[in-house]
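Here is the structure we will look at.
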Ligand code: HEM
Ligand code: HEM
């Protein structure tokens, strides 16, 4: 069985990366938005570190995903999809890719420009600082991190809304083909009326 994307659905690697990144983004949003309400005390630095390490993980997964997308291609659009929807989906998907790379990079830039403690990925690997401490860039990176996140949140609502619309109102395979294939019942399990 090929792991690449067949013409009519997303393959297991693309599906795994899609849903894993989506889940991690949800965790990052929850942790990120609660950072402000935490007392600025070393006791809570682990929460920042967890957010930063998981954000860097998303950055790495996003790069792998982009590479896999280039190598494994994409399925054809579902039959009968209007051209305007295909164009809109292409633009949205491109922006989503750009954001899942730009958001962690802006966070990393913010961390670097702050000149704070060393950045260790889950306490294991020391990550380089991208630039020397710089108050101007720090503020710019902080605003970019926050604003890009809200653009991502808006796009994800539109993107997920479109997938759910196709599933429930159009009844087509858009969402199903991004989900694991359901097991076909064996002949002995097929209901019969005898
Ligand atoms: C896709 C990955 C990421 C997402 C979705 C994300 C999301 C967020 C969100 C929603 C906030 C709260 C923004 C606010 O209301 O001010 C936040 C704050 C923060 N993030 Fe991230 N983040 C990501 C990656 C990173 C990375 C890789 C780092 C650092 C290496 C980082 C460092 C920070 C820091 C330090 C804050 C607190 C900012 C402040 O004190 O105002 N983030 N993040
Ligand atoms: C949370 C963050 C999410 C991000 C960053 C994201 C990103 C993406 C990207 C970039 C693609 C295009 C795949 C490619 O070209 O490689 C895609 C496809 C898809 N996404 Fe998401 N997605 C997210 C959440 C969701 C959610 C919550 C749903 C469903 C409720 C969903 C449903 C789909 C479906 C069905 C496709 C395939 C569309 C098609 O075959 O035409 N996504 N997603």
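None of the figures in this text is laboratory data; all of them are computed from the coordinates on show. Keep in mind it's a predicted model, so treat the numbers as computed, not measured. Every residue, glycine as well, gets a Cβ built from its backbone with ideal geometry; the counts of neighbours run over all protein chains shown.
Convert 37 °C to kelvin, take the viscosity as 0.692 mPa s, use the Kirkwood radius over C-alpha pairs of segment 93-194 as Rh, and evaluate the Stokes-Einstein diffusion coefficient in µm²/s, rounded to a whole number. Write out the running numbers ahead of the final one.
On the way: Rh = 17.6 Å.
D, rounded to a whole number, is 187 µm²/s.
Normalise the Cα radius of gyration of the chain by 2.2 N^0.38 Å (N = residues in it) and let me know the number.
1.27
Just from its helices, what would the mean residue ellipticity at 222 nm be for the chain, if runs of 4 or more DSSP H residues each count -39500 (n - 2.57) and the sum is divided by every residue, rounded to the nearest 500 deg cm²/dmol?
My calculation for the chain gives -21500 deg cm²/dmol from helical runs alone.
Could you tell me the calculated FRET efficiency between residue 183 and residue 35, based on Cβ-Cβ distance and R0 = 35 angstrom, to the nearest 0.05?
Working: r = 42 Å, r/R0 = 1.21.
Plugging the Cβ-Cβ distance into 1/(1 + (r/R0)^6) gives 0.25.
Based on the alpha-carbon gyration tensor of segment 97-156 and its eigenvalue square roots a ≥ b ≥ c, which shape applies: rounded if a/c is under 1.5, prolate if not and a/b is larger than b/c, or oblate?
Oblate.
Helix 45-72 sits at what angle to the longest principal axis of the chain, using alpha carbons and giving 0 to 90 degrees rounded to 10?
40
Roughly how tilted is helix 83-114, in degrees to the nearest 10 and between 0 and 90, from the longest Cα axis of the chain?
20
Tell me the angle of helix 12-35 to the major Cα principal axis of the chain, expressed in degrees between 0 and 90 and rounded to the nearest ten.
40
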